[in-house]
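Quick notes on the structure that follows.
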Amino acid sequence: MQAIIICLDYSFLHTLFIITPLLLTSFFLLLTPFLQWWHHHSHKKLPPGSMGWPYLGETLKLYTENPNSFFSNRQKRYGDIFKTNILGCPCVMISSPEAARIVLVSEAHLFKPTYPPSKEKLIGPEAVFFQQGAYHSMLKRLVQASFLPSTIKHSVSQVDQIVTKMVPTWANTTINTLQEMKKYAFEVAAISAFGEIKEVEMEEIRELYRCLENGYNSYPLHLPGTAYWHAMKARKHLNESIRRIIERRKESSESGGGLLGVLLEARSEKKKKKKKKMMYELSDSQVSDNLIGVIFAAHDTTASALTWVLKYLHDNTNLLEAVTKEQEGIKNKLAIENRGLSWDDTRQMPFTTRVIQETLRSASILSFTFREAVTDVELEGYTIPKGWKVLPLFRSIHHSAHFFPHPDKFDPSRFEVPPRPNTYMPFGNGVHSCPGSELAKLELLVLLHHLTISYRWKVVGDEDGIQYGPFPVPKHGLPVKIIPRNKIFT
Ligand code: HEM
């Protein structure tokens with residue numbers, strides 16, 4: 001028995017002797033990454049702010065509070081840079097123009113664009129927004145080429161035709177402004193993307209696109225029957241439709257107009273000259289992703305801005321009359337010269353242009369954008385750890401009384417002097433800034449030209465309130481009754 005005990009004791013001691021170092025080694029091995037992380041981060045000063053509950057973070061607060069108050073309350077409490085946690089993602093929100101410039105412009109290579117994978121799949125993962133570095137620069141050059149003033153100046157008559165066909169159909173009816181503006185913005189975006197296109201093909205693309213958009217704004221559950229599932233199917237069909245258009249252009253050896261023409265031209269140039277500079281030959285799916293991406297970026301954003309400008313002019317009759325006066329001057333000139341609206345005319349609308357600038361500031365269609373730190377980054381004395389999301393808050397900057405006195409007042413005259421650098425970013429800033437800004441402004445100018453000289457509109461029902469879907473717009477999409485200008489509302 002004693003022998004057994006001694007034996008047990010001995011084997012126990014032996015086990016202890018062998019196992020303990022092993023256990024300790026494993027423990028330290030497991031602990032090492034944590035210790036390294038802790039050592040690394042304990043020396044870094046994270047921005048102030050609350051990370052809220054585990055995983056949920058402050059998500060519920062963001063979605064239940066008005067987003068403007070969510071941002072401004074934290075800005076008041078913590079300053080221009082603060083941390084939070086949205087849907088399990090640690091985020092740093094930024095509302096100082098200098099810090100936003102660092103993220104978007106001067107140190108843009110340290111912050112990559114980031115979107116939820118479900119949205120990326122729907123738009124097309126090879127679209128320009130999701131890229132960085134050389135591939136992004138190459139794509140951006142091509143996209144930008146299609147939307148430079150020197151290119152879009154030739155589209156003024158097409159945009160004008162869309163408006164002159166659409167606006168009279170609104171007379172003496174009540175329209176949902178947002179829905180009508182979406183139709184207008186879609187037509188312009190599709191023409192800019194495809195150039196000439198058969199009406200049957202356009203109708204097919206319109207229908208598929210509608211389905212895509214429904215899914216984009218729904219919960220991304222990829223199960224048969226869900227809006228997301230239908231949208232993914234529509235996305236596949238869109239690829240096929242675009243491939244057929246590409247094939248036809250290849251057969252006729254005509255690249256055609258629009259962004260599609262530019263993208264096809266770029267790849268045939270590459271083949272012809274075996275250019276080394278052109279780093280990538282765009283595949284059909286890359287072309288497709290970028291066409292759909294551009295229509296996507298051009299559509300809801302511009303429709304929201306168009307809806308807001310009608311709301312602001314409705315609420316400020318003195319401004320509406322001043323815009324009308326300016327547009328009547330242009331109309332008289334066109335009548336004398338017996339011609340339609342041209343690009344140069346749109347450059348002679350200073351008052352209307354300021355109304356548009358103020359609309360874009362006040363409505364701040366993109367309230368913020370997302371980036372992700374690709375490495376630990378030092379920003380204004382704080383560390384943003386690798387992988388954290390960074391959100392420059394355009395809306396907070398546009399609504400800061402420091403840069404825009406009485407920010408809640410709709411006052412176009414503030415743009416009689418240029419805003420301070422990096423304080424006005426309705427179209428973003430830096431490498432990913434909007435290539436469609438001139439087209440969007442052109443759409444606003446052309447619509448205001450025709451609408452103000454011939455019509456008046458009155459909001460039906462609730463006049464105030466905002467809805468988000470996905471961009472902020474007046475409540476219920478701003479239902480308005482439209483009548484000819486020489487009539488009075490009954
Ligand atoms: C009023 C209307 C519009 C607004 C407010 C707007 C706003 C913006 C903003 C803020 C960005 C930068 C996003 C970021 O930095 O993450 C952006 C990017 C972009 N916009 Fe627009 N946009 C409008 C209209 C258009 C139009 C008409 C087009 C059509 C060409 C367009 C195409 C794009 C594209 C392709 C990008 C991505 C650029 C890149 O990643 O390099 N946008 N837009």
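About the Cα centre of the stretch 335-479, what is the dipole size in debye to 20, counting +1 per Lys and Arg Cβ and -1 per Asp and Glu Cβ, all else neutral?
100 debye
Compute the Cα gyration tensor for the chain, then decide on rounded, prolate or oblate, letting a ≥ b ≥ c be the square roots of its eigenvalues: rounded whenever a/c is under 1.5, prolate when a/b is larger than b/c in the other cases, and oblate in all that remain.
Because a/c hits 1.5 or more and a/b exceeds b/c, the chain counts as prolate.
Below 8 Å between Cα atoms, with a sequence gap of 6+, how large is the relative contact order for the chain in percent?
With pairs under 8 Å counted, the relative contact order is 22 percent.
Starting from the stretch 292-354, pick out the trypsin sites (Lys or Arg not before Pro) whose DSSP state is loop and whose Cβ has at most 13 other Cβ atoms within 10 Å.
Those satisfying the criteria are R339, R347.
Tell me, how many Å apart are the Cα centres for the stretch 155-197 and for the stretch 60-94?
The two parts, judged by their Cα centres, are 37 Å apart.
Go ahead and collect, in residue order, the members of the stretch 362-386 whose backbone nitrogen is under 12 Å from a label point 7 Å along the Cα-Cβ direction of K45.
Counting backbone N atoms under 12 Å from the label point, the list is 379-383.
With labels modelled as points extended 7 Å from the Cα through the Cβ direction, what inter-label distance (nm, one decimal) is found for E380 paired with E254?
In this crude spin-label approximation the distance works out to 5.4 nm.
Among all the aspartates and glutamates, which ones have a C-alpha under 17 Å from K44's C-alpha, if same-chain residues fewer than 8 places away are not counted?
Straight-distance partners of K44: D376, E378, E380.
What dipole magnitude, in Debye to the nearest 20, does the chain give about its Cα centre under +1 on Lys/Arg Cβ and -1 on Asp/Glu Cβ? Before the final figure, lay out each step's value.
Values: 59 positive and 48 negative charges, 141 e Å.
In debye, rounded to 20, the chain gives about 680.
Using θ = phi - 60° and the Karplus relation 6.51 cos²θ - 1.76 cosθ + 1.60, list the HN-Hα couplings for the stretch 152-162 in order, rounded to whole Hz, with x at every Gly or Pro.
6, 4, 7, 9, 4, 5, 5, 5, 4, 5, 4
Hey, fewest Cβ within 10 Å first, where do D462, D315 land in order?
Starting with the residue having the fewest Cβ neighbours, the order is D462, D315.
Is the stretch 123-276 rounded, prolate or oblate when judged by the Cα gyration tensor, a ≥ b ≥ c being the square roots of its eigenvalues, rounded requiring a/c under 1.5 and prolate requiring a/b larger than b/c?
Cα axes put the stretch 123-276 in the oblate bin.
GluC sites (Glu not before Pro), restricted to the stretch 406-490: which are DSSP loop and have at most 14 other Cβ atoms within 10 Å?
Details: sites: E416, E438, E443, E463; in loops: E463.
Qualifying residues, ordered by number: E463.
Identify, among G49, V105, N338, the residue whose Cα sits farthest towards the positive end of the charge dipole of the chain, taking +1 on the Cβ of Lys and Arg and -1 on the Cβ of Asp and Glu, with the dipole about the Cα centre.
The listed residue farthest towards the positive side: N338.
Quick one: F186, F394, fewest Cβ neighbours within 10 Å first, how do they rank? The partial results should precede the final answer.
Values: F186 22, F394 26.
Fewest-to-most ranking of F186, F394: F186, F394.
If the cut-off is 12 Å between C-alpha atoms, which aspartates and glutamates fall inside it for K121, apart from same-chain ones fewer than 8 positions away?
Output for K121: D289.
Can you work out the Karplus-derived ³J(HN,Hα) for every residue in the stretch 290-305? Use 6.51 cos²θ - 1.76 cosθ + 1.60 with θ = phi - 60°, whole Hz, and x for glycine or proline.
6, 5, 5, x, 5, 4, 4, 5, 8, 7, 5, 4, 5, 4, 5, 4
How would you classify the stretch 333-472 from its alpha-carbon gyration tensor, with a ≥ b ≥ c the square roots of the eigenvalues: rounded for a/c under 1.5, else prolate if a/b is greater than b/c, otherwise oblate?
prolate
Provide the net charge surrounding F489, with neighbours chosen by a C-beta distance below 9 Å and charges set as Lys +1, Arg +1, Asp -1, Glu -1.
Local net charge: +4.
For I384, list long-range residues whose amide hydrogen, built 1.01 Å from N in the peptide plane, is under 5 Å from its own amide hydrogen.
For I384, the qualifying residues are V377, E378, L379.
How many nm separate the modelled label positions at Q144 and Y78, each set 7 Å beyond the Cα in the direction of the Cβ?
3.4 nm
What FRET efficiency comes out for E65 versus K198 if R0 is 41 angstrom and r is the Cβ-Cβ distance? Round to the nearest 0.05.
After rounding, the FRET efficiency stands at 0.25.
When only DSSP loop residues count, what chymotrypsin sites (Phe, Trp or Tyr not before Pro) in the stretch 400-490 have their Cβ near at most 15 other Cβ atoms within 10 Å?
F489
Of the cross-linked pairs K311/K409; K409/K475; K76/K112, which ones have a Cα-Cα span greater than 22 Å in the structure shown?
On the way: K311/K409 14 Å; K409/K475 19 Å; K76/K112 28 Å.
Result: K76/K112 exceed 22 Å.
Where a number appears in this text, it was derived from the coordinates with a stated rule and is not lab data. The structure presented is a predicted model; accordingly, all values stated were derived computationally and were not measured. Heads up, the Cβs are rebuilt from the backbone with ideal geometry, glycines too, and the neighbour counts pull from every protein chain shown.
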